[in-house]
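The values are calculated or read from the model by the stated rules, or taken from the named source; none is laboratory data. This is a predicted model, so every value here is computed, not measured. Cβ placement follows ideal geometry from the backbone for every residue including glycine, while neighbour counts extend to all protein chains displayed.
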Amino acid sequence: PERVFSGMQPSGDLHLGNYLGALINWVKMQEDWECVFCAVDLHAITVPQDPKILASKTREIVAAWLAAGIDPKKNIVFAQSSVRAHTELAWILNCTARMGWAERMTQFKDKAGKDAERASVGLFTYPVLMAADILAYKATHVPVGDDQKQHLELTRDCADRFNRDFNAPNFFPIPEPLIQGPGARIMSLKDGTKKMSKSDPSELSRINLVDDGDTIAKKIKKAKSDANALPSEVEGLEGRPEARNLVGIYGALADMTSAQVLAEFGGEGFGKFKPALAELAVEKLAPISERMRNYMSDTAQIDVILKDGAERASAIADPILKQVRETVGFVSV
Ligand code: ATP
Ligand code: MG
């Protein structure tokens, strides 16, 4: 059977990139696929998190999903740390994955920065945990933003390697990427060559789903741009990463191609374009953040969803892990 797995880290506030690159696709996917949506708190702690707020960040991320239209009855919605299969399978896959695979991951290099010696071991093996997340459900499809393509490749290698090493052909399906739409790569508002991220220390680099209208307008006003007018053709965005990003964001929010956006705004300067973009962003995001705040005012309801989701997730993953243990040759008592 076909099954989708996808996750988001409770590592900060959800932003426009998470929304346009992942969440709006999840909302569409739930119509046609069996979906497992996971708040990946085990991934979040690969970099330091404040234990006092991690649980509330996890609930908040679920509130955002609900606010965007994810149905927790139709889909499985849960927190990664409450299903043991993830960590157990991650260990086993850590023993079949190769150092060289993990060493090639560009996200590790980005996140570890200059001083990789001081990064956590968890950050290094993060993609193997991601492989475990997906394979513990024998998921067949994974929606991937640009930033996750390389990690999904490693998941495919993990699945294939396990199947071969243990002579268990087709035990794990080799998961396929579901390629995302125009929002697959939203860049930082401060640097058009860096992706928008929760973990970017600069608040001005991203628009959060919980930002109010004034904050959104201020961040767009302060977004890096250039002194030229917008071109009337997409080719004119070449070498202008910030302009390209802002036009792309407008298009993703308005469900227009960049060419259509430029047909409307070509020849205009940012003095005119930015206020239009701010107005559009507020119009699209305000209702979500309003609903999100409502969900957050009843965290007991979110916990009921998480508990139910964890049970349903375990019901799928536990029998798969049982087969894994037998395949690896662990004693069963
Ligand atoms: P962190 O900085 O902690 O890694 P993040 O902003 O990258 O956080 P994740 O939780 O790692 O967010 O990713 C959640 C989902 O959002 C993934 O599907 C990822 O592909 C997507 N995503 C993250 N950043 C962007 C972006 N800038 N543009 C489009 N999609 C994105
Ligand atoms: Mg990320």
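Taking the residues in the stretch 192-201 that are surrounded by fewer than 17 Cβ atoms within 10 Å (Cβ to Cβ) and within 16 Å of ligand 2 (Cβ to nearest atom) as candidates, determine which candidate is farthest from Leu20 (Cα to Cα). Per the stated criteria, the residue is Pro201. Lys274 passes every criterion in (1) surrounded by 13 or more Cβ atoms within 10 Å (Cβ to Cβ); (2) farther than 21 Å from Asp212 by Cβ apart from (2). Restrict the check to the stretch 258-266 and report whether at least one residue is out of contact with any Gly (no Cβ under 9 Å at 6 or more places or on another chain), touching a residue at least 24 places away in the same chain (Cβ under 8 Å) and not basic (Lys, Arg). Yes, the stretch 258-266 contains a residue that is out of contact with any Gly (no Cβ under 9 Å at 6 or more places or on another chain), touching a residue at least 24 places away in the same chain (Cβ under 8 Å) and not basic (Lys, Arg). All told, Lys219 meets the bar of being of a type outside the set (A, V, I, L, M, F, W, C) and out of contact with any Ser or Thr (no Cβ under 6 Å at 6 or more places or on another chain). The sole residue among Pro169, Pro143, Pro127 that is part of a helix (DSSP H, G or I) and either modelled with pLDDT under 95 or assigned by TED's automatic domain parsing to the domain that holds Ile305 (or both) is Pro127.
Residues checked against (1) small (Gly, Ala, Ser); (2) within 14 Å of ligand 1 (Cβ to nearest atom):
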position	(1), (2)
Leu123	no, yes
Ala132	yes, no
Tyr137	no, no
Gln148	no, yes
Arg156	no, no
Ala184	yes, yes
Lys190	no, yes
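Anything in the stretch 184-201 that is within 12 Å of the chain's Cα centre (by Cα), farther than 19 Å from Gly113 by Cβ and not aliphatic (A, V, I, L, M)? List them, or say none. Scanning the stretch 184-201 gives a single hit, Arg185.
Restricting to the stretch 294-328, give me the number of residues that are over 23 Å from Lys138 (Cβ atoms) and either of a type in the set (Gly, Ala, Ser) or more than 25 Å from the chain's Cα centre (by Cα) (or both). Result for the stretch 294-328: 2. Pairing each residue of the stretch 232-253 that is touching a residue at least 60 places away in the same chain (Cβ under 8 Å) with any residue that is surrounded by fewer than 19 Cβ atoms within 10 Å (Cβ to Cβ) and assigned to a loop (DSSP other than H, G, I, E, B), provided the two are 6+ apart or on different chains, yields C-beta distances under 9 Å for Gly248/Pro182; Gly248/Arg185; Gly251/Pro182; Gly251/Thr257; Ala252/Gly181; Ala252/Pro182. Hey, among the residues in the stretch 96-149 that are over 21 Å from Asn18 (Cβ atoms) and β-branched (Val, Ile, Thr), which one's surrounded by the most Cβ atoms within 10 Å (Cβ to Cβ)? Among residues in the stretch 96-149 that are over 21 Å from Asn18 (Cβ atoms) and β-branched (Val, Ile, Thr), the one surrounded by the most Cβ atoms within 10 Å (Cβ to Cβ) is Val128.
Table: residues versus (1) at pLDDT 95 or above; (2) outside any loop (DSSP other than H, G, I, E, B); (3) among the acidic types (Asp, Glu); (4) surrounded by 15 or more Cβ atoms within 10 Å (Cβ to Cβ).
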site: Lys219; (1), (2), (3), (4): yes, yes, no, yes
site: Ser225; (1), (2), (3), (4): yes, no, no, yes
site: Tyr250; (1), (2), (3), (4): yes, yes, no, yes
site: Leu253; (1), (2), (3), (4): yes, yes, no, yes
site: Val261; (1), (2), (3), (4): yes, yes, no, yes
site: Glu279; (1), (2), (3), (4): yes, yes, yes, no
site: Ala310; (1), (2), (3), (4): yes, yes, no, yes
site: Ala313; (1), (2), (3), (4): yes, yes, no, yes
site: Ser332; (1), (2), (3), (4): no, no, no, no
